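Asks: What follows is a structure written as structure tokens; I'll ask about it next.
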Amino acid sequence: MKQLIIAMLFLIPIVTMAQRPGERSDEIESYKIAYLTQKLELSPEEAKVFWPIYNDWQREQTNLRKERMQMISFRKITEIEELSDTQVQTLILNDFSYKQRELNLDKKYYYKLSSNLPIKVVGKFYRAQEAFKRELLAKYRNNSGGQRN
């Protein structure tokens, strides 16, 4: 219970400042925070270190994703045949650049976590993140599966 209270104290300013469109993303983020809090079982000292790093990481990831949404990408192109070879090549290279920046961000925060917390806590975090993604996908598949005709 102490861990949850500590986590919430660190997260309240972040959640209130977050500029995410839609209630679903807020709901997912709240669910993720509760999920991580439960799975990581951080001591109060570890929580004081973990949550600010996590919040910074989430903020940077959100900014990177917003940037990507503003870029012209394959997601926005309906007909590749209408583009020049140079335009197609630029789209591909931009995608590589985004993926590299995303990887660099992940590495940056891995090093921040691993230099400030025991490596087993860091390992539990990565494992919990993957488990959360699987659980979230299953949850939404089940919810949307019941709505199909």
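The values are calculated or read from the model by the stated rules, or taken from the named source; none is laboratory data. Keep in mind the model is a prediction, meaning the values are calculated, not measured. Virtual Cβ from ideal backbone geometry, glycine too; neighbours counted across all protein chains shown. Heavy atoms of the whole protein, side chains included, go into the accessibility calculation; ligands, DNA and RNA do not. Shrake-Rupley method; radii C 1.70, N 1.55, O 1.52, S 1.80 Å.
Asks: Evaluate region 114-121: report whether one residue or more is surrounded by 13 or more Cβ atoms within 10 Å (Cβ to Cβ) and not hydrophobic (A, V, I, L, M, F, W, C).
Replies: yes
Asks: Could you check how many residues of region 57-101 are in contact (Cβ under 8 Å) with a residue 40 or more places away in the chain and not basic (Lys, Arg)?
Replies: Total meeting the criteria: 6.
Asks: Within the set of pairs 6 or more residues apart or between chains, which connect a residue that is touching a residue at least 40 places away in the same chain (Cβ under 8 Å) inside region 115-133 to a residue that is open to solvent by 70 Å² or more (accessible area, probe 1.4 Å) with Cβ atoms less than 7 Å apart?
Replies: Every condition considered, the pairs that remain are Lys124/Lys39; Ala128/Lys39.
Asks: Tally up the residues in region 123-139 that are over 13 Å from Lys39 (Cα atoms) and out of contact with any helix residue (DSSP H, G or I) (no Cβ under 8 Å at 6 or more places or on another chain), please.
Replies: Looking only at that region, the number is 5.
Asks: Take the conditions at pLDDT 90 or above and in a helix (DSSP H, G or I) and apply them to Ser30. Does it pass?
Replies: No; evaluated as a whole, the condition is false for this residue.
Asks: Say we look at region 73-111 and pick out the residues that are of a type in the set (A, V, I, L, M, F, W, C) and under 22 Å from the mean Cα position of the chain (by Cα); which of these is least open to solvent (accessible area, probe 1.4 Å)?
Replies: Per the stated criteria, the residue is Leu105.
Asks: Considering each residue of region 33-49, count those that are assigned to a helix (DSSP H, G or I) and either open to solvent by 30 Å² or more (accessible area, probe 1.4 Å) or farther than 18 Å from Ala131 by Cβ (or both), and give that number.
Replies: The number of residues fulfilling the criteria is 9.
Asks: Working only within region 50-72, note down all residues that are of a type in the set (Val, Ile, Thr) and open to solvent by 50 Å² or more (accessible area, probe 1.4 Å).
Replies: Once the filter is applied, which keeps residues that are of a type in the set (Val, Ile, Thr) and open to solvent by 50 Å² or more (accessible area, probe 1.4 Å), region 50-72 yields only Ile72.
Asks: I would also like to ask the following. Are there any pairs, at least 6 apart or on different chains, whose C-beta atoms fall under 9 Å, with the first in region 43-56 and touching a residue at least 12 places away in the same chain (Cβ under 8 Å) and of a type in the set (Lys, Arg) and the second surrounded by 16 or more Cβ atoms within 10 Å (Cβ to Cβ) and in a helix (DSSP H, G or I), and if so, which?
Replies: Lys48/Ile6; Lys48/Phe10
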